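Student: Please find one structure pasted underneath; my questions will follow.
The values are calculated or read from the model by the stated rules, or taken from the named source; none is laboratory data. As the structure is a prediction and not an experimental result, all values here were calculated from the model. Positions of Cβ are generated from backbone atoms using ideal geometry, with glycine treated the same way; all protein chains shown enter the neighbour counts. Note: areas computed on protein heavy atoms with side chains; ligands, DNA, RNA excluded. Shrake-Rupley method; radii C 1.70, N 1.55, O 1.52, S 1.80 Å.
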Amino acid sequence: MRWIFGDHLGPHFLDAEDEPVLMIESRRVLARRRFHRAKAHLVLSAMRHRAAELGDRCTYVQVDTYKEALDAIDAPVSVVHPTSRAALRFVRERGDIEVLPARGFATSMPEFERWAQSRGSRRLLMEDFYRDARRRLGVLMDGDEPAGGRWNFDADNREPPPRTRTLGVPEPVWPVEDAIDEQVREDLDRWERDGLVSFLGQDGPRRFAATRTEALAVLDGFIDQRLGAFGPQEDAMLAGDPWMAHSLLSAPLNLGLLDPQELVVRAEAAYREAGAPLPTVEGFVRQVIGWREFVWHLYWHFPESYRDRNALDAHEPVPEWFAQLNAEAVTAACLSAILDDVRSAGWVHHIPRLMVLGNYALQRGWNPAAVTDWFHRAFVDGYDWVMVPNVVGMSQYADGGALATKPYVAGGAYLHRMSDYCGGCQFDPRKRVGSDACPFTAGYWAFLERNRERLAGNHRMSRALAGLGRLADLNEVVAQEAERGSRAP
Ligand SMILES: Cc1cc2nc3c(=O)[nH]c(=O)nc-3n(C[C@H](O)[C@H](O)[C@H](O)COP(=O)(O)OP(=O)(O)OC[C@H]3O[C@@H](n4cnc5c(N)ncnc54)[C@H](O)[C@@H]3O)c2cc1C
Ligand code: SF4
């Protein structure tokens, strides 16, 4: 019998056509942490849809714990390598479950380890991993050369947003809810009323694909209508257009409904056969077989203690207004709007995560483990493997630079250039002191001052630190931000 977890839902997690399947809906998993309601809905809906598709082949049990369900099965059980360290430990410790190699990633664990070993003492760089993956998988290659003669089109993909309210691309394909969603909603309402679970964020129409059919429709819509516009403004933000030309595929990918190779094959065909611009296609392929896979492998490559790294000695708690997604408590236009978006959908794209939410937490010295926990619970696509490296490493620089070469910290000037939030804000991105000082600009300098010594050895920070030395009003900025403390900006 093949036990499939809630993130093993695609056909590639099964082998024989008639193989019996076990699915366990564990209430304790939901009760343990306060997840976004949209995330709880998505995962339950996806699991129940899969069980319905599998029909009689599937034994679907609703229990409190995995153990309870497994103890009642008297057939040999196999499972594909789980996606979290805790789940892997659980299945290994039982001793009666066969653990198969991981699936759902284009680079296997042995392939990654071979590449990592080949680096010797050189740091593990995403760019080098990605080029190795492109060669090995034959993606966007013309013989031995990268398509178009360049591996990297990042420089073409950093444009500021247009001066329009939206990017003007067709909307993503939205799923249509059905009776299974209705039942999930009823169950969540009842469990909440009975005090068994409690949620973050708002209930709303399900925005993310929960079945393979839906996921393929979202993929088709993206490739045919949106991919062409993905690249140039992938780093930009528009208040009136949270989706822009992003694919919205992280949730179905992380549920295992799609295989990453399917995405890159489709994207490459759009370039070769339908005239999609190479920079945009390369930018997308880089996310899928570059960043996503790099993050997955680093989760397993780094020791378990990685999740507790705190290289910048950041110990402040995550304040309630942020933790509870209380957008109304916040005056800063960018942060307020993005908290509101997370509250309604459990999703914002990469740049609001990194350069607004993560940047604010980093500037304020919030504890990285608490920030990771918050992201994990608040985002529909959040799983341990993807949150730990993205938050501890990429966003909070808590690993001291093992993943990112410098902290992703920025002031209001960056946010002003890359978004249209500042026009509607009572703060001024150019100001660092006074009642209209931008909290991101002031927070940027206060962060550098606090971490001056810790960052001194990082040559990529030398210009920023030199700028700090030239600030005549630094003491004032630092005092102002100390006074702000954990208050909402
Ligand atoms: C602080 C922080 C937390 C994040 N947490 C998650 C998370 O919990 N789950 C998650 O899937 N992604 C996470 N990401 C990465 C990225 O923000 C999301 O994958 C992306 O915004 C999802 O939207 P999309 O599918 O429209 O992505 P697109 O912009 O369309 O990108 C295409 C795909 O690339 C992949 N991808 C790109 N970058 C990453 C990355 N750094 N890590 C993993 N996958 C990546 C995703 O699968 C995504 O679907 C996080 C990034 C940051 C900075
Ligand atoms: S001025 Fe500062 S706080 Fe206001 S929207 Fe711009 S970056 Fe955000």
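Student: Return yes or no: is D224 open to solvent by 30 Å² or more (accessible area, probe 1.4 Å), within 12 Å of ligand 1 (Cβ to nearest atom) and either out of contact with any Phe, Trp or Tyr (no Cβ under 9 Å at 6 or more places or on another chain) or within 19 Å of R158 (Cβ to Cβ) (or both)?
Tutor: Spelling it out, it is not the case that D224 is open to solvent by 30 Å² or more (accessible area, probe 1.4 Å), within 12 Å of ligand 1 (Cβ to nearest atom) and either out of contact with any Phe, Trp or Tyr (no Cβ under 9 Å at 6 or more places or on another chain) or within 19 Å of R158 (Cβ to Cβ) (or both).
Student: While we're here: When the range 406-428 is examined, which residues are found to be over 23 Å from Q396 (Cβ atoms) and either part of a loop (DSSP other than H, G, I, E, B) or touching a His at 6+ places or on another chain (Cβ under 7 Å) (or both)?
Tutor: Of everything in the range 406-428, those that are over 23 Å from Q396 (Cβ atoms) and either part of a loop (DSSP other than H, G, I, E, B) or touching a His at 6+ places or on another chain (Cβ under 7 Å) (or both) turn out to be D420, C422, C425, Q426, F427.
Student: Out of all the residues in the range 468-489, which are more than 16 Å from ligand 2 (Cβ to nearest atom), open to solvent by less than 60 Å² (accessible area, probe 1.4 Å) and either basic (K, R) or in contact (Cβ under 8 Å) with a residue 12 or more places away in the chain (or both)?
Tutor: Once the filter is applied, which keeps residues that are more than 16 Å from ligand 2 (Cβ to nearest atom), open to solvent by less than 60 Å² (accessible area, probe 1.4 Å) and either basic (K, R) or in contact (Cβ under 8 Å) with a residue 12 or more places away in the chain (or both), the range 468-489 yields L468, L471, D473, L474, V478.
Student: Another question, if that's okay. If a residue has to be of a type in the set (A, V, I, L, M), under 24 Å from the mean Cα position of the chain (by Cα) and surrounded by fewer than 16 Cβ atoms within 10 Å (Cβ to Cβ) to count, how many in the range 1-37 make the cut?
Tutor: Matching residues across the range 1-37 total 1.
Student: Checking G434 against (1) within 12 Å of ligand 1 (Cβ to nearest atom); (2) open to solvent by 10 Å² or more (accessible area, probe 1.4 Å): exactly one of these is not met. Which one?
Tutor: So G434 meets the others, but not (1).
Student: Sticking with this structure for a sec: Of everything in the range 281-331, what is surrounded by fewer than 16 Cβ atoms within 10 Å (Cβ to Cβ), among the acidic types (D, E) and either more than 16 Å from ligand 2 (Cβ to nearest atom) or not in a helix (DSSP H, G or I) (or both)? Give them in sequence order.
Tutor: Answer for the range 281-331, where residues must be surrounded by fewer than 16 Cβ atoms within 10 Å (Cβ to Cβ), among the acidic types (D, E) and either more than 16 Å from ligand 2 (Cβ to nearest atom) or not in a helix (DSSP H, G or I) (or both): E304, D308, D313, E316, E320.
Student: Going through R131, R103, R50 one at a time, which residue ends up being assigned to a loop (DSSP other than H, G, I, E, B) and either open to solvent by 30 Å² or more (accessible area, probe 1.4 Å) or within 26 Å of D259 (Cβ to Cβ) (or both)?
Tutor: Unique residue meeting the criteria: R103.
Student: Now a separate question. Answer yes or no as to whether V380 is at pLDDT 95 or above, in contact with a Leu (Cβ under 9 Å, 6 or more places away or on another chain), within 16 Å of ligand 2 (Cβ to nearest atom) and more than 24 Å from A446 (Cα to Cα).
Tutor: Judged against the criteria, V380 is not a match.
Student: Based on what the data block shows, is A69 in contact with a helix residue (DSSP H, G or I) (Cβ under 9 Å, 6 or more places away or on another chain) and assigned to a helix (DSSP H, G or I)?
Tutor: Taking the combined requirement at face value, the residue does not satisfy it.
Student: Do you know which residues across the range 46-66 are among the charged types (D, E, K, R) and in contact (Cβ under 8 Å) with a residue 24 or more places away in the chain?
Tutor: R48, R50, E53, R57, D64
Let's see how each residue does on (1) open to solvent by 70 Å² or more (accessible area, probe 1.4 Å); (2) closer than 26 Å to I351 by Cβ:
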{"site": "E145", "(1), (2)": "yes, no"}
{"site": "G149", "(1), (2)": "no, no"}
{"site": "A155", "(1), (2)": "yes, yes"}
{"site": "R158", "(1), (2)": "yes, yes"}
{"site": "R165", "(1), (2)": "yes, yes"}
{"site": "V169", "(1), (2)": "no, yes"}
{"site": "W174", "(1), (2)": "no, yes"}
{"site": "D178", "(1), (2)": "no, no"}
{"site": "R190", "(1), (2)": "yes, no"}
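Student: If only one of Y444, Y414, Y421 is open to solvent by less than 30 Å² (accessible area, probe 1.4 Å), at negative phi, modelled with pLDDT of 95 or more and of a type outside the set (K, R), which one is it?
Tutor: Going through Y444, Y414, Y421 in turn, just one is open to solvent by less than 30 Å² (accessible area, probe 1.4 Å), at negative phi, modelled with pLDDT of 95 or more and of a type outside the set (K, R): Y421.
Student: While we're here: Looking only at residues in the range 241-262 that are in a helix (DSSP H, G or I) and more than 16 Å from V295 (Cβ to Cβ), which one is nearest to the chain's Cα centre (by Cα)?
Tutor: Our first condition is that a residue be in a helix (DSSP H, G or I); within the range 241-262, this holds for 250-254, 260-262.
Checking the rest, the ones that are also more than 16 Å from V295 (Cβ to Cβ) come to 252, 261-262.
Values: P252: 12, Q261: 19, E262: 20 Å.
Filtering the range 241-262 for residues that are in a helix (DSSP H, G or I) and more than 16 Å from V295 (Cβ to Cβ), the one nearest to the chain's Cα centre (by Cα) comes out as P252.
Student: Can you pull out the residues in the range 139-192 that are part of a loop (DSSP other than H, G, I, E, B) and farther than 25 Å from D224 by Cα?
Tutor: G143, D144, D178
Student: Still on this model: Going by the structure shown, is A369 at pLDDT 95 or above, among the aliphatic types (A, V, I, L, M), open to solvent by 20 Å² or more (accessible area, probe 1.4 Å) and more than 15 Å from ligand 1 (Cβ to nearest atom)? Can you show your working first?
Tutor: Details: at pLDDT 95 or above: yes; among the aliphatic types (A, V, I, L, M): yes; open to solvent by 20 Å² or more (accessible area, probe 1.4 Å): yes; more than 15 Å from ligand 1 (Cβ to nearest atom): no.
Considered against the rule, which asks whether it is at pLDDT 95 or above, among the aliphatic types (A, V, I, L, M), open to solvent by 20 Å² or more (accessible area, probe 1.4 Å) and more than 15 Å from ligand 1 (Cβ to nearest atom), A369 comes out as no.
Student: Out of (1) more than 16 Å from ligand 2 (Cβ to nearest atom); (2) crowded, with 23+ Cβ neighbours inside 10 Å; (3) over 15 Å from F447 (Cβ atoms), what's the single condition that is false for P352?
Tutor: Among (1) more than 16 Å from ligand 2 (Cβ to nearest atom); (2) crowded, with 23+ Cβ neighbours inside 10 Å; (3) over 15 Å from F447 (Cβ atoms), P352 violates only (1).
Student: Just to check your reading of the model, which residue among F208, F199 is under 20 Å from L339 (Cβ atoms), crowded, with 18+ Cβ neighbours inside 10 Å, modelled with pLDDT of 95 or more and in contact with a Phe, Trp or Tyr (Cβ under 7 Å, 6 or more places away or on another chain)?
Tutor: F199
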